[in-house]
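In what follows, a structure is listed as structure tokens, so that the remarks can point back to it.
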Amino acid sequence: MKKMLVLFVSLIISLVTLAQNRIDYYVELKPGYDLGNIERIVNSDETITITTSISDFSNFINSKSIYFFDRAFPTAITPRLQRVFFVTIDDNTQTNDFYNREEIENFGLSETDVLLTNNPVPINIPNDYFDVVTGVRNTSLDLIKAPLAWTITEGSPNILVGVSDTKFDLGHYDLVGQIAHNIQLSTGGGHHGTSVAGQIAAKSNNGQGISSIAHNSLLVTATSGNNAHYFISGLLQLAQYPGVRVVNCSWIVCDNTLDKDFLDLVMEEVTNLGVLVVGGAGNGLGGT
């Protein structure tokens, strides 16, 4: 049993390592450049060597550690799509020179961003961006293009983000030092508040847990149990807290309750304070 467990763990580690060592990019050629038929030779280290109708470009690609190179949309009839290629490169490979190639119009990461060659932006991926078990990228952060946003800002300790939610694990390794103040309105259980706080401002690039959207910002939390009244009261108190300019509310208040009437009034007051409210969508049937 021990041998099987060790083998399983070794396999998982290998898969994680593999997933982290290869990154996918799009390469869009400029109009007038045609690679023709692409021939490939698979090398002993799993990299490939390609031959195209533009030998200088082929030599450039072959100077990299590439594992895949082909048309991204082989059945496309749209001229631009016909010029887009998909390439898998070793993550230690220098890619800055892609931006300077005469043949290349656009070059950028798949599922994260398309970087224009005339405005290259270096992107840093935190070491906790990948799932520790599966090695899969954080698809939520990919969808909102967080790595590109981080080239502008990763948040600031001068920015306070309010979170009105259930219960917060103030001692969680990804949240220690990230919560400036907790307003205790009610006792409550569950992990929802901790999860939401982590998505917003968990410590990042610390080799554990997850990456967060604004990991350099600080949170002010309102522990509201699992009660609509305290959720709404927490929203108002957070909006009144000095320095808080945005409040997250990932909870349900149904249309046919008095809570909803009072929430509307609180929202009006919060709006007049100039505070932005971010609400979770799709949390339940009939909820808002």
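A few comments on the model shown:
- Take each peptide in 243-250, 161-168, count the other Cβ atoms within 10 Å of every residue, and average; sorted highest first, the result is 161-168, 243-250.
- Gyration tensor verdict on the range 194-251 (Cα atoms; rounded if a/c is under 1.5, prolate if a/b is larger than b/c, oblate otherwise): oblate
- Under the Karplus curve 6.51 cos²θ - 1.76 cosθ + 1.60, θ = phi - 60°, whole-Hz ³J(HN,Hα) for the range 213-222, x wherever Gly or Pro sits: 5, 10, 5, 9, 8, 10, 9, 10, 10, 10
- Arg80, Arg40, Arg137, ranked by accessible area, largest first (probe 1.4 Å): Arg80, Arg40, Arg137
- Potential extension, Thr271-Asp24 segment - 0.36 nm per residue separation minus Cα distance: 84.7 nm
- Shape category assigned to the range 133-199 from the gyration tensor of Cα positions, a/c cut at 1.5: oblate
- Cα-based reach from Lys145 at 18 Å (exclusive), listing aspartates and glutamates while leaving out same-chain residues under 8 positions away: Asp24, Glu111, Asp113, Asp128, Asp131, Glu154
- Restricting the range 15-86 to GluC sites (Glu not before Pro) that sit in a DSSP loop and have at most 12 other Cβ atoms within 10 Å of their own Cβ leaves Glu46.
The values are calculated or read from the model by the stated rules, or taken from the named source; none is laboratory data. None of the values given here were measured: they were computed from a predicted structure. Neighbour counts run over all protein chains shown; Cβ positions are idealised from the backbone, glycine included. Note: areas computed on protein heavy atoms with side chains; ligands, DNA, RNA excluded. Shrake-Rupley method; radii C 1.70, N 1.55, O 1.52, S 1.80 Å.
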